[in-house]
Amino acid sequence: MKMGTALIYDEEMTKYKLLWVDPACKIEVPERLTVSHEALVQSGLADRCVSIPVREATDADILLVHSEEYLEAVKKTPYMTLEDLKEFTLQYGDVYFHPNIYHCAKLAAGAALQLVDSVMTGKVRNGMALVRPPGHHSMRSAASGFCVFNNVAIAARYAKQKYGVKRVLIVDWDIHHGQGVQYSFEDDPSVLYFSWHRYEHQKFWPQLRESDFDSVGKNKGVGFNINVPWNKVGMQNSDYLSIFCHLLLPVAYEFNPDLVLVCAGFDSAIGDPEGEMCATPDIFAHLTHLLMNLAGGKLCAVLEGGYNLTSLAQSVCQTVQTLLGDPAPPPANLDGPCKSALDSLHCVRSAHRQYWSCLKHAADLPTCEISTKRIKVAEEEEEEEKTLDKGEEGNSIEEKVWPEPPKRVTPTIRTAVVLPDGVTCPDGCKRFSSSEDLDPLIISKLKENFLKDADDSDTLSSLSSLAALVEKVEKNEICSGLALVRDVSMATMCVVQHAASAHLRNRVLVVCVGDGKVPSHVTEDGKILVVQFSNKDSEEQKCKYYIPVCLKKGYSDVSGFMHAVLGLLLPLAYEYDPTLVLLVRMSDAGLCEIVWQQLTGLLQGLAQGHMLVLMQDGEKECVGPTASSLLGYPAPSLGQLPAPLPEDVASIESLRHRLKADWKLLQTTAQETG
Ligand code: X5A
Ligand code: ZN
């Protein structure tokens, strides 16, 4: 399989700048691009990418989104005097022109198209384009917010036209609303546009009524425009992740895109003077990772905003390193979403529940109340603000500081496998059978605890290999492992016992698919969290750390299963923040291969990719696909999902409601009654 990550950059795009005084535009500087690129070079990431040259977008490319009149007007700017340029600029909002910006804008759009070409022809799997000027604010006939041509919108139309792409997902994680993208695709159901943005009840630029959650698209495109307004500054990692788990990912999987485009603005990161948010640069590793199993991994990230040079460079590196397939770092401080974020989430889910079957169950907010909610929430917050201590004003001017994300070191061995003799080792994996360095004490303990038959040497060697593997993963010498074992339950017990034993300071997330004995007698100390999917009603959950998820129809209902994975398992897993994930496929699992690969891929965002997969030795045909996911290859698409079974959704939802007191990332509303 062809791998690789494209990096598209050209220094030429640093060769324009603001030539007069304009406080609104002074943050958009050439250094944004040089520091981002330099950071990629310094960290060695640039070298690992496939470097693709930029090109100029043609008139025909630009006309896919913009009007002829506008293009002709911009074409004249290279010949204008300074006075003319100033004058020309005045008709637009928060943007500036320069004699060289038309050239750069053609390169920026062309870079996005080169990226689409590289990904769609299979030259690379994914990639990032570092461009200036940004694009998502520019409209059919207008420049806006530092943007001249709408790079990503042009790329979406181009992909549809040139490659027959049926569905494009645009994820705009920039902190501003890409109103230009919204306008371009408002009535187009083939392009799903998702944007979160600082809004503050329409007080924040571009201060548009139509940036609110109730702009859901028009005509045939109704439901295909998703706006998440942030009504407070200071949003954190939990707020971003919770929107992904409870809104974007379920909808994205239901939409089933053929291509994912990211309006990758990093003004949504901590330290940015525009966004004033508090999410750390490493969150972009997770946002990227969570999108990488959609569309068979075809993801194109195109730079938009980002004005704190330090934060910007770090965030770009996190994104590119994740595109390259390196495991994401442990997510920092996930202490649950704030009330304002939950209010936004609730409003968006309510506004969209009639369009997406994955949201059908979302707490009802009658349509007539949705619009009044805008005002009600605004008023409540104004009240709150009044009662808040004054003097907090001005805090935001202070320079934010945050620790530099630690270097992400990937072990030289990505995936080790423990397989019976007759089974061949999948390409790219390393066969592992070792008790070499294993303490004899551990071996005798294994014998004592797990061997009924004193001379069952096969079992003993398999269990000691597993124990040795756990240690190597713990030491980060091996990233992940896969084992075929005779008795899955016993192997699970063995790994859990070993991994959670005192000398290893692990937190182990055990995800079991299928019935079968699991370590449900877990301790209350939180060293182990067990989530078990099965079709048997198990007794009520007795402990915060054992969570049985019952799916009546087993896993034949892919939608129900994905609903549980995205809305329940992922948020639980992120909040728990394990150091090791143990994924167990019970012999009766019968879960279809692609769903299993999606599960494996998604869970690798946790524990720095430290994951062990256990499967029954009869399931040889599952080794290849599982290994492929562990190696970081994208899972195949699930296809367009039907509505999940109502009974399954009901039981998953009631479980989520019961658990949300203990696990804050499971909340989807601010009110207890929601
Ligand atoms: C691409 C981008 C921001 C414009 C802010 C104007 N534009 N106040 O981040
Ligand atoms: Zn922005």
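The values are calculated or read from the model by the stated rules, or taken from the named source; none is laboratory data. Computed from a predicted model, the values in this text were never measured in an experiment. No Cβ is skipped: glycine too gets one built from the backbone with ideal geometry, and neighbour counts run over all protein chains shown. What goes into the accessible areas is simple: the full protein's heavy atoms, side chains included, and nothing from ligands, DNA or RNA. Shrake-Rupley method; radii C 1.70, N 1.55, O 1.52, S 1.80 Å.
Quick check on my filter: what residues within the range 279-302 are away from ligand 2 (no atom under 16 Å from the Cβ) and assigned to a loop (DSSP other than H, G, I, E, B)? Of everything in the range 279-302, those that are away from ligand 2 (no atom under 16 Å from the Cβ) and assigned to a loop (DSSP other than H, G, I, E, B) turn out to be 280, 282, 292, 293, 294, 298.
Total residues in the range 171-197 satisfying the condition of being surrounded by fewer than 24 Cβ atoms within 10 Å (Cβ to Cβ) and among the charged types (D, E, K, R): the figure is 3. Evaluated against (1) within 27 Å of residue 669 (Cα to Cα); (2) in contact with a Phe, Trp or Tyr (Cβ under 9 Å, 6 or more places away or on another chain), residue 625 falls short on exactly one condition, (1). Criterion applied to 624, 632, 567, 605 was being assigned to a helix (DSSP H, G or I), among the small types (Gly, Ala, Ser) and surrounded by 22 or more Cβ atoms within 10 Å (Cβ to Cβ), and the one residue passing it is 567.
Yes/no matrix, rows are residues, columns are (1) open to solvent by less than 30 Å² (accessible area, probe 1.4 Å); (2) touching a strand residue (DSSP E or B) at 6+ places or on another chain (Cβ under 7 Å):
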site: 638; (1), (2): no, no
site: 644; (1), (2): yes, no
site: 647; (1), (2): no, no
site: 651; (1), (2): no, yes
site: 658; (1), (2): no, no
site: 671; (1), (2): no, no
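In this structure, is residue 109 buried (at least 16 other Cβ atoms within 10 Å of the Cβ) and small (Gly, Ala, Ser)? Criteria met by residue 109. Within the range 1-27, residues that are touching a residue at least 24 places away in the same chain (Cβ under 8 Å) and under 25 Å from residue 86 (Cα atoms) reach partners that are outside any loop (DSSP other than H, G, I, E, B) and open to solvent by 40 Å² or more (accessible area, probe 1.4 Å) with beta carbons closer than 7 Å, at six or more positions or on different chains, in the pairs 14/34; 19/82; 20/86.
In the condition set (1) within 16 Å of ligand 1 (Cβ to nearest atom); (2) part of a helix (DSSP H, G or I); (3) open to solvent by 10 Å² or more (accessible area, probe 1.4 Å), residue 273 is compliant with all but (2).
Which residues, taken from the range 2-39, are assigned to a loop (DSSP other than H, G, I, E, B), away from ligand 2 (no atom under 16 Å from the Cβ) and touching an Asp or Glu at 6+ places or on another chain (Cβ under 9 Å)? If the condition is that a residue be assigned to a loop (DSSP other than H, G, I, E, B), away from ligand 2 (no atom under 16 Å from the Cβ) and touching an Asp or Glu at 6+ places or on another chain (Cβ under 9 Å), then 17, 18, 22 are the ones that fit. Here is the figure for the range 140-164: residues that are more than 13 Å from ligand 1 (Cβ to nearest atom) and either in a strand (DSSP E or B) or open to solvent by 10 Å² or more (accessible area, probe 1.4 Å) (or both) total 10. On inspection, residue 167 passes the criterion of being away from ligand 1 (no atom under 15 Å from the Cβ), modelled with pLDDT of 95 or more and not aliphatic (A, V, I, L, M). Answer with yes or no whether residue 56 is over 19 Å from residue 298 (Cβ atoms) and not in a loop (DSSP other than H, G, I, E, B). No, not satisfied. Do the conditions hold for residue 307, that is, is it surrounded by fewer than 24 Cβ atoms within 10 Å (Cβ to Cβ) and out of contact with any Asp or Glu (no Cβ under 7 Å at 6 or more places or on another chain)? Here the answer is no, as residue 307 does not meet what is asked. Residues in the range 100-147 that are among the aromatic types (Phe, Trp, Tyr) and within 16 Å of ligand 2 (Cβ to nearest atom): 146 only.
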